[in-house]
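In what follows, a structure is listed as structure tokens, so that the remarks can point back to it.
The values are calculated or read from the model by the stated rules, or taken from the named source; none is laboratory data. Source: prediction; values computed, not measured. Here the Cβ positions follow ideal geometry from the backbone for every residue, glycine too, while neighbour counts run over all protein chains shown.
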Amino acid sequence: MEMMSDAEGTQASSEPWPNPARAWYAIFVFALALMMNFLDRGIVGLLVHPLEIDLHLTDSQVGLVTGVAYIVFYAAIGLPIARFADVGVRRTIVGVGVAVWSVATAFCGLAGNFWQLFVARMGVGAGEACNGPPVFSMISDLFPRDKLPLAIAVLNFGFIFGNGFASILGGAVIQALNGVSVTLPVLGTLHSWQLVFLAVGLPGLIVAALMATVKEPVRRGRISQDGAHKNLPVREVVRFYFDNVRTYAPMFAGLAFNIVPAVGLIIWGPEYFRRGFGWTTAEYALRAGLVTILFAPAGALFGGWLAGWFQRNGHDDANLRVVLLSFCLNLPGLLLFTLAQNPWLGLAAFAYTQFVAMWVPGPFNAALQVVTPNEMRSQITALFLFIFNIIGFGIGPSVVPWVTAHVFHDPAKLGYGLASVIAVLLPPAALSIFLGMKPYGAAVARAKNWG
């Protein structure tokens, strides 16, 4: 990969900010990549039933494929990629990552057994490890500080609409290819679920090519005295983290406790509605996608406004206040969603949870950036995403079927398994954020004195 010279790094302070059209175009491409990210990552949740039939998988094996397989390579290369993102050409890192996870998703469609699917999902994790930290790093160099919250909000809209349209598109593709099979040279006969993987994976190569049209921005806001464009030693990043562990640890713990049930719902929600209410995967995907598009954007806007209102009223812990409120208010909605006796009541509860849950991403991400110096933001963000993916996608998909099998002893009681995981883990998530509010507020006050 290309490297940016030290001389380029020293120019940042004198360079004008990028043209707004160029900066917003970059946000558009990043949002497309995010859409493909969550489509490729989550498509397995829409294909649980045919995977279990054709590959003779159990619920536990599906949990391993969607969880452990995904995070193996993510864990191995996520943090090294983040360090390289502080010195390498970030658009190249992201573009290569998009290409890798897209090809790996397509290869999932060629799997003939559990282990082949497992290895292909490892490739998806490897590619997606290249996305988050470089993207956030570039956004910080594309927009002035006063424009940065809006830019991140628009990126979150890409995430929201990406999730919603991914669900709708995934469901439409599954419906269109239902029962279809084709015979190809070398590959043999491919069933409909295999064609779905190919259909959603290969278009990501177009997004990977688009990444080359995003101009790499110069780096800004580095605090290194010599102006050199180089990584801080790992020991300095580690020292800063442990010097501020009372600020970071509760945030990361709250994330870890919350993300397990959240990912469990993403992976097992379609199957819960199929087993419990007889909805087809396509029916669930279309309706859940529409609900996401309608309610999640309003939640994101409200969460950002509420954090600003708390801040204007003198609360340095404003961002975590919003996160805490969301965790507390979301618990009853999530339990109603998983325990509803009527699918439409469950869908209404899902709409409520989409609105309330989306209070979190903007303020939580902002909270992390505000208390972290620029030089180590990619690496601290990588640690944040490491926990998000390792705990969430590594454990979340497997915990739900384990509880269903070992506590309720009946696959049809998947809803009770989901509800149990939510009831056990969301309260400590809220408690962690509550315990972290005071040290976080003090850290925000200290950060106001940074240059």
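Only helices (runs of 4 or more DSSP H) whose full extent lies in region 115-230 are considered here, and the ones with at least 2 residues that are of a type outside the set (Val, Ile, Thr), more than 24 Å from the chain's Cα centre (by Cα) and at pLDDT below 80 are 148-176.
Only one of the numbered conditions (1) closer than 29 Å to ALA26 by Cα; (2) crowded, with 23+ Cβ neighbours inside 10 Å is violated by LEU117, and that is (1).
Filtered by the rule that a residue be touching a Lys or Arg at 6+ places or on another chain (Cβ under 9 Å) and farther than 23 Å from VAL260 by Cα, region 374-388 gives ASN374, GLU375, SER378.
Selection within region 305-320: residues that are surrounded by fewer than 23 Cβ atoms within 10 Å (Cβ to Cβ) and of a type in the set (Gly, Ala, Ser). The member of this set that is nearest to GLN369 (Cα to Cα) is GLY308. For region 281-306, residues that are of a type in the set (A, V, I, L, M, F, W, C) and in contact with a Leu (Cβ under 9 Å, 6 or more places away or on another chain) total 5. LEU57 meets all of the listed conditions (1) within 24 Å of ILE395 (Cβ to Cβ); (2) assigned to a helix (DSSP H, G or I) but one, namely (2). Per this entry, GLY308 is not counted among residues that are not basic (Lys, Arg) and not in a helix (DSSP H, G or I). Being in contact with a Lys or Arg (Cβ under 8 Å, 6 or more places away or on another chain) and among the hydroxyl-bearing types (Ser, Thr, Tyr) is true of THR281. Consider region 94-114 and keep the residues that are out of contact with any helix residue (DSSP H, G or I) (no Cβ under 6 Å at 6 or more places or on another chain) and closer than 23 Å to LEU184 by Cα. The one that is modelled with the lowest pLDDT is GLY112.
Consider VAL263 carefully, then state whether it is in the same structural domain as ALA442 (by TED's automatic domain parsing), modelled with pLDDT of 90 or more and among the hydrophobic types (A, V, I, L, M, F, W, C). Outline the logic, then answer.
Numbers: in the same structural domain as ALA442 (by TED's automatic domain parsing): yes; modelled with pLDDT of 90 or more: no; among the hydrophobic types (A, V, I, L, M, F, W, C): yes.
For VAL263, the condition - in the same structural domain as ALA442 (by TED's automatic domain parsing), modelled with pLDDT of 90 or more and among the hydrophobic types (A, V, I, L, M, F, W, C) - is not met.
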